[in-house]
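A short write-up of the structure that comes next.
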Amino acid sequence: MSGRDIPLWITCLAFISANLGAQEVLGMAANGAKYGLYTLHFYWLGAALAMIFLGIYMMPFYYGSKARSVPEYLKLRFDEKTRTFNALTFAAMTVFSSGVSLYALAMLMEVILGWNFDLSIWLAAGVVLVYTFSGGLTGAIYNEVLQFFLIILGIAPLVYIGLDKAGGIAGIVKHVDDAKLHVWKGLGSPMNNPMGVDAFSMVFGLGFVLAFGYWCTDFLVVQRAMASRNLNEAQRTPILAAFPKILMPAIVILPGIVLLALQNQFEGFSLPINANGDKDYNMVLPLLLQKLYPSGLLGLGITALIASFMSGMAGNVTAFNTVWTYDIYQTHVKKNASDRHYLLVGKAATVFGILISIVTAYVAKGFNSIMDLLQLVFSFVNAPLFATFFLGMFWKRTTGHGAFWGLMCGTMAAAISHGLSVAEGKGGWISNLHHFYSTTGQAFSIASVAFLVCTVITIGISLLTTPKLEKELVGLVYSLTPKQKTGNLSWYTNPIYLGVIVLIIVAVFNVLFY
């Protein structure tokens, strides 16, 4: 990756593949059935705008920056305590994400193979442990591209078969509740739409805080673009990837809509009830695979999902291992040990990470859409981190003390907001002061609160403490980072023109599905 010699078409595929795992396919299908077309905002409002901003504005900064990871940036820009706090919250996020993959793996084994859920949890965890220890993540970029094609080939025929059985687009319009067939109508009040959010939460909470926080600061995604041969290709990577990204709902969200249409026309498509007495929307994709695919295609679809979950879980466990071993243990517990010592600590951390993932898998079981849980976790971790990152990058006056206390207070504000509100029986562990109509609406609001609290605290404390000298901030603050000039470009190589085309397409889609 560091050689910066990967062709543009590969970096584009790798960029979009880094975000197209089985979690997204299973979770977005669940959201499609639960919330309808409002789920499209994850793509047409969140991802598209953030990917354009990343390509036009952020990639020139990253290309000239000293930092190559979030922990490295936080340490260089601020101080060690800020990096350590982020390392702890990031470690927690990785095991939650790993637990979601583990839960989905076990659920697939239970539904398709008829195995006991608890046995499936432990079996899947053991397989992932062996896979991780054997170095299964070598060549991640190529693994992700292969995974991308596997998922497309495994799921695309399902959409075609299901859509045909449902009666095409006319069948969907006729048999699906009209409230689930719009993207903006009803956002005037949380009571008027199935997602239970208002326009502010959707635009600010999802469209800005969570989307920009993910696409613009997640170095696992950004580094795919930075593998490009030059700055121009690095800028074009996320923007060109936005074209297939805005079409991806046809693969990942449409199955949920198709299921709704099939439920009103045929027997056998009802979703099971989970332990909480709610419809288990996580079962949308497994149910469709089971009912619509012949045995050969069923094997392909299940193989694609299991391979993706396995890879995703192993990636998260490995990230936990790395963060714990180097950002926490080596930095604060034992600084000058041998490589063998750190290798053993890493292996122990892998086992520990998988054991915690088993616990979080049972937490995921309590949510009727895994995407709801993931958005809640992101609101705790990514929202305050984005505020810290954003201020550190664009405001020279931001100090290490301001960043640390802002990050901590933002995370605490997220926890308190969750404790004082209830959505679908989740939260309210302090008091029930506010009721949200959905866990997604709760997550968007928590993200907004965490971002704003972190921003205010960081600015306030930074104004009262001494900032670093400008010479120390070269390559770490946007205004002090040298940017390469791309020269005169034709329209099809100009990131701005390409970004405008994406915006026009997205605007047309939003009007058509208003």
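Answer with yes or no whether G171 is more than 21 Å from the chain's Cα centre (by Cα), on the phi > 0 side of the Ramachandran plot and modelled with pLDDT of 80 or more. Spelling it out, it is not the case that G171 is more than 21 Å from the chain's Cα centre (by Cα), on the phi > 0 side of the Ramachandran plot and modelled with pLDDT of 80 or more.
Contact map, segment 346-371: residues that are closer than 20 Å to E24 by Cβ paired with residues that are of a type in the set (F, W, Y) and at pLDDT 90 or above, Cβ distance under 7 Å, separation 6+ or inter-chain. Pairs shown: N368/Y281; S369/Y281.
Within this structure, S431 fails the test of being in contact with a Leu (Cβ under 9 Å, 6 or more places away or on another chain) and modelled with pLDDT of 95 or more.
Here A14 meets each of (1) at pLDDT 85 or above; (2) touching a strand residue (DSSP E or B) at 6+ places or on another chain (Cβ under 9 Å); (3) within 28 Å of N86 (Cβ to Cβ) with one exception, condition (1).
Restricting S438, S462, S448 to those that are under 25 Å from the mean Cα position of the chain (by Cα), modelled with pLDDT of 95 or more and among the polar types (S, T, N, Q) reduces the list to S448. Filtering segment 4-47 to residues that are under 20 Å from F444 (Cβ atoms) and either in a loop (DSSP other than H, G, I, E, B) or charged (D, E, K, R) (or both) leaves N19, E24, K34.
Of the numbered criteria (1) surrounded by fewer than 16 Cβ atoms within 10 Å (Cβ to Cβ); (2) closer than 21 Å to G196 by Cα; (3) not polar (S, T, N, Q), the one I430 fails is (2).
Considered as a group, the residues in segment 331-352 that are more than 21 Å from A92 (Cα to Cα) and not hydrophobic (A, V, I, L, M, F, W, C) include one that is surrounded by the most Cβ atoms within 10 Å (Cβ to Cβ), and that residue is H341.
When the criteria are applied in full, I416 fails the requirement of being modelled with pLDDT of 95 or more and buried (at least 22 other Cβ atoms within 10 Å of the Cβ). Taking the listed residues P249, P194, the one that is surrounded by fewer than 23 Cβ atoms within 10 Å (Cβ to Cβ), at pLDDT 90 or above, over 17 Å from the mean Cα position of the chain (by Cα) and not hydrophobic (A, V, I, L, M, F, W, C) is P194, with no other qualifying.
What's the number of the condition G299 fails, among (1) under 19 Å from I112 (Cα atoms); (2) touching a residue at least 24 places away in the same chain (Cβ under 8 Å); (3) part of a helix (DSSP H, G or I)? Unmet condition: (2). The residues of segment 148-173 include none that are without any contact (Cβ under 8 Å) to a residue 12 or more places away in the chain and surrounded by 13 or more Cβ atoms within 10 Å (Cβ to Cβ).
When N321, N282 are screened for being within 27 Å of A414 (Cα to Cα), over 18 Å from the mean Cα position of the chain (by Cα) and surrounded by 22 or more Cβ atoms within 10 Å (Cβ to Cβ), only N321 passes. Name the residues in segment 267-300 that are over 18 Å from N368 (Cα atoms) and touching a Lys or Arg at 6+ places or on another chain (Cβ under 8 Å), would you? Passing the criteria: G268, L292. Residue count for segment 166-195 under the criterion of being outside any loop (DSSP other than H, G, I, E, B), within 29 Å of A443 (Cα to Cα) and not aliphatic (A, V, I, L, M): the result is 4.
When Y38, Y63 are checked against the criterion of being touching a helix residue (DSSP H, G or I) at 6+ places or on another chain (Cβ under 7 Å) and touching a residue at least 40 places away in the same chain (Cβ under 8 Å), Y63 stands alone in meeting it. Within segment 81-93, at least one residue is in contact with a His (Cβ under 8 Å, 6 or more places away or on another chain) and either touching a residue at least 12 places away in the same chain (Cβ under 8 Å) or of a type in the set (S, T, N, Q) (or both). Checking each residue in segment 102-143 for being at pLDDT 85 or above, part of a helix (DSSP H, G or I) and of a type in the set (S, T, N, Q) picks out only S120.
The values are calculated or read from the model by the stated rules, or taken from the named source; none is laboratory data. Quick caveat, the model's predicted, so the values are computed rather than measured. Backbone-built Cβ (ideal geometry, glycine too); neighbour counts: all protein chains shown.
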